[in-house]
């Protein structure tokens, strides 16, 4: 069989690289759980009528068909989910009677989109989502909670600086309404192009497509340029002279979220009010956020989310939610590919137990069993090569310690353990020896390299 | 939108149930890593020419197609993997130059088969596989290692008693050859029916389909009835009077595996030599194993594996392997559905921090932050209801402790924590208090219920 080649859009990781991803996922999990979020997993398929809503995404949905379908059987009517929100909303509706609300959940799973692969965009990609969902209502303080939990979780990761850019749909809509605009949806759609088009063109389009006067367009642009790391945006918006009740609510909510995250942010993760963030035409109704990674602006946002007053609805009850999603693959795959994130070894083993001769494998196995009883990951050398070769075997894998059992396998004395980085070798008892904590498991290192922007 | 209903063959778990599965997976992971096995993940799709080999499984493969495929685009040529061996073999070939051999890996992922759903058989199901793969050669001692690691991993799970039933293809083939049979494949295929057909019928079929004499058929059945928990099978096989070199190798290997697992087995997991285990017509060439769960024989085997001398081959190098696979979904879904395995709570939180009034949410948040700094998962009550209601909120979720901040939010004194199971309430400092270790995370309980066999 010929040597297979990678499939475009379906990145896979080598063992040491996969360790980086696994450690990131473990850190996310443990932070989410510290905050009482429950981990769930949904099946990877949904009925097509739940996935395909006539939007842009429809053409990227993968549909399943059995290879040897019976005559006339056709497609299964099932497609792979393209995000974790659609399956979660369905899960909430399906199990509403068995869930306790407010329901906090996290979900870390792959999703699939048949789009053209490029850096940061894959056909299979892992997302980490957290949401809080209410039954009928969901108090605003959960908006603060969700953002704060994701800020804390991402602060614990070895990533380049991240910025949470926050806004509020009520603020935008209230401002536009108070300004006298009538087609709010059209205005949001146009303002959303500010990262692609120059401000003059956006102003012209506001006049053309959203029925704004040139003066109203000017005000919209002024709003959209406000970007501060504290709550001073409130005064700056007020200074624009627009009055509206919904605007007041939006300003108060955004100020509360920015302030609520301030204590948790700092260091690698910062929080800003950025009044041009709208998150397109999605279903958001209040808080919105997009997350950007410094030096990786070419990836666009590496996460985002917000408040939606109807995550799900079964005709009788509405389930409002607030959530945020972090693109695990979108963030990590480029960092791993560039060597920014690396693992200290390619195997979990902290110790290679050397083998004196094939006949004494039992002795080496017994050492390994004793070490494992104390939680020390280890492996026994596959063959009784010269010790120099066994040490190089460990070195190639990044295993920091080599254990030498006594040459006389009937002796309990004479065990030696060598730190192959320093060369230091000491006598040790397999029943009690443990490595320094930092050597127990592979560690992830972040080398901040100078990255070149793609054209 | 109408309330959705479950999809047959795609089981999903409620939060407390999912915790059982997550804990099982975590235990498997940590045991595999203690033995130096590397965790990898492969993409869920493979090119169809790697999946479809003209076997029985072909008709169960799910093929992907984009929902709105371009004119003439047709299928993607990709299918969902139906096990973790095919993608692993491809991964080894694709990355052979970047892997260190012998390569120990574990892989815990879902797989998909479009078969008729029934208890223990799902269209999406999670497997946990471990394999050791060599470059060109792989010494026999890895057979012992792999079986021992899986015995140890499963011993740590809260499952009903499990039995590893071991055999060896060399033993079977050597015995048949020494007996004078010529069509060994046909003989294995017939003997494999012993769990469905009475021995007389199998004997007849050996004569009809495998060209055996009635006396040879009798010997084959005698071999297949040998089942012991130690190495006494060696003498019993020898007593049948068949002589063959390959048989000698098989007997020695099987004895070494049974003996090698003996020290690790015991308690909930036992190991037996069962000379009728053949694992069908699969690619096994030496050690074979099937795992059965006591009281759940209706599920057939819950795991299996063995030695294959050519896991992968790129025309230049052969990669022999030995591995064993554990059916996570097949085992857990029935146990969870019957209530045999349950979790002590539906949320990770060990503590509910009560809320005195909405205005003092900051005080309760500060308590939660202090507890989390010591690794205590907790959540703050969603609303300032009467304390009795807040306690019942905790009770419904199985949260063992409720924390009462002082009524005067400016006071650092007066914090109280209540164990709502015993009713005991004591003064405590959020900066230092931690619950007993057994209450820190939800615990999984196994209630051995009397199960009724399905007809």
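The values are calculated or read from the model by the stated rules, or taken from the named source; none is laboratory data. Since the model is a prediction, treat every value here as computed from it, not as a measurement. Don't worry about glycine lacking a Cβ; one is built from the backbone with ideal geometry, like all the others, and counts go over all protein chains shown.
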*For residues that are surrounded by fewer than 19 Cβ atoms within 10 Å (Cβ to Cβ) and more than 25 Å from residue A:264 (Cα to Cα), scanning just segment A:157-185, find the one that is nearest to the chain's Cα centre (by Cα).*
A:185
*Which one of the conditions (1) surrounded by 20 or more Cβ atoms within 10 Å (Cβ to Cβ); (2) within 32 Å of the chain's Cα centre (by Cα); (3) at pLDDT 95 or above does residue A:312 fail to meet, given that it meets all the rest?*
(3)
*Of the conditions (1) without any contact (Cβ under 8 Å) to a residue 12 or more places away in the chain; (2) over 26 Å from residue A:142 (Cβ atoms); (3) within 13 Å of chain A (Cβ to nearest Cβ), residue B:372 clears all except one; give me its number.*
(2)
*Out of the residues in segment A:377-406 that are within 8 Å of chain B (Cβ to nearest Cβ) and part of a loop (DSSP other than H, G, I, E, B), which is nearest to the chain's Cα centre (by Cα)?*
A:377
_Residues that are modelled with pLDDT of 95 or more, in the same structural domain as residue A:34 (by TED's automatic domain parsing) and not in a loop (DSSP other than H, G, I, E, B): does segment A:113-124 have at least one?_
yes
*Return yes when residue B:131 is in contact (Cβ under 8 Å) with a residue 60 or more places away in the chain, within 14 Å of another protein chain (Cβ to nearest Cβ) and part of a helix (DSSP H, G or I) and no when it is not.*
no
*asked:* List the strands (runs of 3 or more DSSP E) inside segment B:1-101, counting only whole elements, that have at least 2 residues being at pLDDT 95 or above and surrounded by 15 or more Cβ atoms within 10 Å (Cβ to Cβ).
replied: B:45-47, B:78-80
*Tell me, which residue of segment B:59-85 that is touching a helix residue (DSSP H, G or I) at 6+ places or on another chain (Cβ under 8 Å) and at the interface with chain A (Cβ under 7 Å from one of its Cβ atoms) is farthest from residue B:121 (Cα to Cα)?*
B:68
_Please go through segment B:108-119 and give me each residue that is under 16 Å from the mean Cα position of the chain (by Cα) and facing chain A (nearest Cβ under 10 Å), ordered by number._
B:109, B:110, B:112
*Filter segment B:24-47 for residues that are facing chain A (nearest Cβ under 7 Å) and farther than 22 Å from residue A:20 by Cα and give the result.*
B:45
*What helices (runs of 4 or more DSSP H) completely inside segment A:171-289 contain at least 3 residues that are over 26 Å from residue A:325 (Cβ atoms) and assigned by TED's automatic domain parsing to the domain that holds residue A:159?*
A:199-210, A:214-224, A:233-238, A:245-262
